[in-house]
Amino acid sequence: MTSKRKSTALTEAQCVSLAQKILRERLCQQRLPEQPVGLESQYRHLLELLKRTAVHGESNSVLIVGPRGAGKTMLLGCVLRELMNLKEVLKNVLQVELNGLLQTDDKIALKEITRQLHLENVVGDKVFGSFAENLAFLLEALKSGDKSRSRPVLFILDEFDLFAHHKNQTLLYNLLDVSQSAQAPVAVVGLTCRLDVLELLEKRVKSRFSHRQIHLLNPLSFTQYVEAVGSQLSLPQDFPHPKFCDEWNRSVTKLCEDKSVEELLRRQFNSSKDFRSLYMLLFLAVIRVSPSHSTLRESDLLEASRLISADSKANILHGLSVLELCLIIAMKHLNDTYDGEPFNFQMVHNEFTKFIQRKSHTIHKFEKPVVMKAFEHLVELEMVRAVDSATGKVQREYQLMRLMLEHGQVMEALQKYPQCPTDVKQWALSAFA
Amino acid sequence: MQCAGYPEDKLRSLADRLPCRETQVTTLLSLMGEPDQYSYPSIFIYGHRATGKSHVVFSVMKDLELPYTFVDCVECVSPALLFHRVLLAFFGPDAAASLPRCPSLSDFVRLYKQMSSKTPATQTRFIILDRAERTRDMDFSLLPALLRLQELVSDNVTVILLSQVVWEKFRPNTGCFEPLLFHFPDYNKADLVQILSRDHHPSYTPELYASYINILLGVFFSVCRDLRELRHLAALNFPKFCEPLEKGEAKESDIHKLWRNIEPHLQRAMQTVYLREVSSMQWKEQQMDEKETTTPRGLSAHAHIELPYYSKFLLIAAYLASFNPARTDRRFFLKSHGKIKKTNFLKKHEKTSNHLLGPKPFPLDRLLAIFYSVVDSRVAPTASIFSQIMSLVSLQLLTQIGHDDQLDAPKYKCAVSMDFILAISRTVNFDAVKYLYDFL
């Protein structure tokens, strides 16, 4: 595709499709960026640290701590990419990647380590007395014959905090123990989003950890943030159709200077600085580009932001039937009068019938089982939740429940509700039913 | 509806088959992108029951012949079944067979990676999980791992979750990869009329059926917006609606007459078929021989349960003990209780009705004391009385509080409704309301 001869043949539709492909891959974080944005010092620190293990055979342990979507994995990926470019490293270093979500106990983790070190046939049918013995054997097996020197191993533990929940923290204890005593050169890199992760470690594990932490707390300023948006959206220079590429990039620059877009981005920036939520926004905008309008417009971004910021509970409330809405209002009144105490179906029904008898002319009286069915639908939607889960012995209508909606949410939903009967609206507004 | 990368005639036939969901289909298609492009790692689709979530996603996948697995989480009692289905659909039976006996997530991801490196995805693969709220009850790590599956297996795969519960209820304590949220709005009344009118009866005009649907919605719309439920009711009651036409009592244009005929019938349906009190078969039969039995069975049908004479009184006594404060017993069951007014002898918190708060537990002695005073003949406390109490417990009309091993002074609670007790007391000529403190 990149050959010059073909590029002239690219039609507009193909260009759009190609641009989409590139941008989608970037926004789904399938491609590592050239250089991590705003994380230069952390990058250098981590690279230096891992180099020492990979090249000089020093053991190390480090934790990368940062909120979700801050770019922990991306940072590590970039560092590893540069590290693996060194010739002596590529041949020598072994990598073991573990994830706390996948390796949910130490036995599975050990199996995975064996597999990733390609030592299944060495281990064979051997029976080990303890976990430590097993791990020691694995590391021993890595010692290359002639130099009497082990190959360095990088252990990467994603979702590090989950490993702390394993029984006795055996895996962590042994890995950190190896990294601390000069048995074999290993580097243990943990990635986590919990700031208090050290509190989770047992004393004997904690004392073996080097207490090196790299924090990713994203000190970006707003101008940098907008620049990042621009660079994320612009197409690379080697795009096969230079004219389309120029036009696209120009439209992106123009977009970033637009007043309403800036306001939108500022709102996003103020609510969360992390890149993943930004990428979701940009993704939603990019997918709206089609051959019929081949550049990114501000309306795309505005629409995307509208989609993202929609309140999902309000959306669900919008689709309730009038009867269900009445029950929600009755619960709201109960919450107001009894100061948030839990209620049961009987009370809600009582409140509802009081309303029907006194005020309503548009809503008919419903049989109690019909109301019960509506109530159970609300329970199913988890708008209402039982206070205690032990439900066996209590009759359904007397089970204590709590409303999982705010006062404001109910009122707002009521305003948006299509063809809401006026007396229901008035009932909701009255302070005491 | 047009979307790059997909054949146009298939898109057109999709649009015909999915009425009132055009915007959703278009958005879904643009989210998915062209088959070879990446899609967002996980998409969470939520909306009310029967708003076409599964139907739209399933039809799109099937018609456009994309690689997909459609798994209903209700069917997956263990994650192993889920893994099996996914591997089977994407990589064939060999891959699925190589799963170990109790596969962990780690095994699944390893196998997936292994297979996808052999046959990399040329088109986005889709894993669709219907009723995704069930995944929360499985392994704690299953949902977070599925949400970032694209990253874990480094393959072009997208997980689509379908649920009627909002995303806020899914988020684990320490957070996870946030999926892209996509809402399927409910059908409004016009949409419902349009969709329901599509399955009109061949021997009647579509206009008649549409007006029938309007009448039906007039009764049910304020209670129920579930398309599936409405469609069921529409199909069930249509013969009744047509009855005057067949007999020649009315013409198709006499909408008002037809309305007068069907309206009470639909009201009755709401109290029976809608609540599943009677099955649709029974409902049809009832329509046939309506002339003979004027009172509809249904709600009242299960309020009748035949009990021994003393058991009935025991149940009534248990109900009174559960719903009356103990200190009022003197007022109800003593002949000369003096003048005690309702307001005087009660503490403040007892003033709210007991029928709102539910039954209170009571000891066996109190039950027996009340029983002796309400039953009209002299009864000896024999073993038969006690065994009747036990059988009431095993019928779940009473519940025992505390452990079974508590032999002296066990406590009970009455677990039947007011209507039930009134029906029972009518059979033994006992006025229960007179003895209830709440109705004084």
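Readers should treat all values here as calculations from the given coordinates under stated rules, not as data from a laboratory. Values in this document were obtained by computation on a predicted structure and should not be read as measured data. Counting neighbours? That spans all protein chains shown, and the Cβs are built from the backbone with ideal geometry, glycine included.
Between B:Glu207 and A:Asp238, the modelled labels are 6.8 nm apart [label points 7 Å from Cα along Cα→Cβ]. In this structure, the amide hydrogen of A:Gly69, modeled 1.01 Å from its nitrogen in the peptide plane, lies closer than 5 angstrom to no residue at least 5 positions away or on a different chain.
Here the residues B:Glu133, A:Glu199, ranked from fewest to most Cβ neighbours within 10 Å of their Cβ, fall in the order A:Glu199, B:Glu133. Projecting label points 7 angstrom from Cα along Cα→Cβ for B:Glu285 and B:His232 puts them 1.9 nm apart. Using a cut-off of 10 Å between beta-carbons, work out the net charge of the residues near A:Ser277 (Lys and Arg +1, Asp and Glu -1, A:Ser277 not included). It works out to a net charge of +1.
Centroid-to-centroid, using Cα positions, region B:121-184 and region A:55-133 are 26 Å apart.
An oblate overall shape is assigned to region B:189-301, the ratio a/c of its alpha-carbon gyration tensor axes (a ≥ b ≥ c) being 1.5 or greater and a/b not exceeding b/c.
Which angle between 0 and 90 degrees, to the nearest 10, do you get for helix A:106-116 versus the longest principal axis of chain A when only C-alpha atoms count? Between the helix axis and the principal axis of chain A, the angle is about 50 degrees. In terms of distances greater than 29 angstrom between alpha carbons, the cross-link table entries A:Lys21/A:Lys243; B:Lys247/B:Lys284; A:Lys259/A:Lys313; A:Lys21/A:Lys51; A:Lys416/B:Lys62; A:Lys416/B:Lys240 yield A:Lys259/A:Lys313; A:Lys21/A:Lys51; A:Lys416/B:Lys62; A:Lys416/B:Lys240. Bridges between two residues of the protein assembly as shown, per DSSP, are antiparallel at a rate of about 25%. Please report how far the C-alpha centroid of region B:396-418 lies from that of region B:56-93, rounded to the nearest whole angstrom. Centre-to-centre distance over Cα atoms comes out at 47 Å.
Sorted ascending by nearby beta carbons within 10 Å, beginning with the fewest, A:Asp336, B:Asp405 become B:Asp405, A:Asp336.
Of A:Leu83, B:Leu82, the sequence from fewest to most neighbouring Cβ atoms within 10 angstrom is A:Leu83, B:Leu82. Nearest-5 percent of antiparallel DSSP beta bridges in region B:8-183? Taking every DSSP beta bridge with both residues in region B:8-183, the antiparallel ones total about 0 percent.
For region A:364-388, backbone nitrogen atoms closer than 20 Å to the point 7 Å from B:Ile401 Cα along Cα-to-C-beta are found at A:387-388. Between 0 and 90 degrees, the angle of helix A:131-141 with respect to the longest Cα principal axis of chain A falls at about 40 degrees. With helices as the sole contributors, the protein assembly as shown gives -15000 deg cm²/dmol at 222 nm; each DSSP H run of n ≥ 4 counts as -39500 (n - 2.57), and the sum is divided by every residue.
With K and R counted +1 and D and E -1, the other residues having a Cβ less than 15 Å from that of B:Ala121 yield a net charge of -1.
Mean partner shielding of peptide B:173-186, defined as the number of other chain Cβ atoms within 10 Å of each residue Cβ, is 4. Residues of chain A were split at every exposed loop site, defined as trypsin sites (Lys or Arg not before Pro) in a DSSP loop with at most 15 other C-beta atoms within 10 angstrom, and the longest piece left, sites excluded, is A:213-358. Please compute the net charge surrounding A:Glu97, taking Lys and Arg as +1 and Asp and Glu as -1 over other residues with Cβ under 15 Å from its Cβ. Taking every other residue near A:Glu97 into account, the sum is +3. Taking chymotrypsin sites (Phe, Trp or Tyr not before Pro) in DSSP loop conformation with at most 15 other Cβ atoms inside 10 Å as exposed sites, chain A has its longest uninterrupted site-free stretch at A:129-337.
Convex hull volume of the C-alpha atoms in region A:314-432, normalised per residue: 98 Å³.
Taking label points 7 Å from Cα along the Cα-to-Cβ direction, A:Asp125 and B:Asn354 give a separation of 7.3 nm. If you take the charge dipole of region A:39-215 about its Cα centre, with +1 on Lys and Arg Cβ and -1 on Asp and Glu Cβ, which of A:Thr170, A:Gly57, A:Leu117 is farthest toward its positive end? Highest projection toward the positive end goes to A:Gly57.
With angles folded into 0 to 90 degrees, how steeply does helix B:364-374 sit against the dominant principal axis of chain B? Use alpha carbons for both and round to 10. Taking Cα atoms only, the helix is inclined about 60 degrees.
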